[in-house]
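Down below is the structure, laid out as structure tokens.
The values are calculated or read from the model by the stated rules, or taken from the named source; none is laboratory data. Nothing here was measured: the structure is a model prediction, and the numbers come from that model. Neighbour counts are summed over all protein chains in view; Cβ atoms, including those assigned to glycine, are modelled from backbone coordinates with ideal geometry.
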Ligand SMILES: [Zn+2]
């Protein structure tokens, strides 16, 4: 039997799902590993990549929505909105750094514990949305704070 043919009949277990699969059909090539194949099977890698992508999309998507909602509350002159009097009408602004640069806002959020479902809370409610006056809280804490 040639080396190649031997390899063809070889099987190993995926380190993630533990299913035993043929090396060639079951795993991607990875020349930096001793057997030349990835540790996780093709399906698991595809699934992990997909999950990573979805998570990333959701994380930045959520921050983006948050950023948009701050700008809407503070800078768009929507006088008819119920929230107007609490923000723009009160002169509350989003600091220039955040207002002009989504990346900076996103980086601050990610460095300060942003998670989906948390609310961006101002420590001093009469001060602007800016680093140093903001923190992430659960909606419950946020309600207690304002009510
Ligand atoms: Zn697997």
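Filtering the stretch 18-47 down to residues that are assigned to a helix (DSSP H, G or I), touching a residue at least 12 places away in the same chain (Cβ under 8 Å) and within 12 Å of the ligand (Cβ to nearest atom), which residue is farthest from residue 110 (Cα to Cα)?
The selected residue is 26.
Would you confirm whether any residue within the stretch 75-88 is within 23 Å of residue 121 (Cα to Cα), touching a strand residue (DSSP E or B) at 6+ places or on another chain (Cβ under 9 Å) and assigned to a helix (DSSP H, G or I)?
Within the stretch 75-88 (the criterion being within 23 Å of residue 121 (Cα to Cα), touching a strand residue (DSSP E or B) at 6+ places or on another chain (Cβ under 9 Å) and assigned to a helix (DSSP H, G or I)), the answer is yes, since at least one residue qualifies.
Output yes when any residue across the stretch 35-49 is more than 30 Å from residue 126 (Cβ to Cβ) and at pLDDT below 90, and no when none is.
Among the residues of the stretch 35-49, at least one is more than 30 Å from residue 126 (Cβ to Cβ) and at pLDDT below 90, which makes the answer yes.
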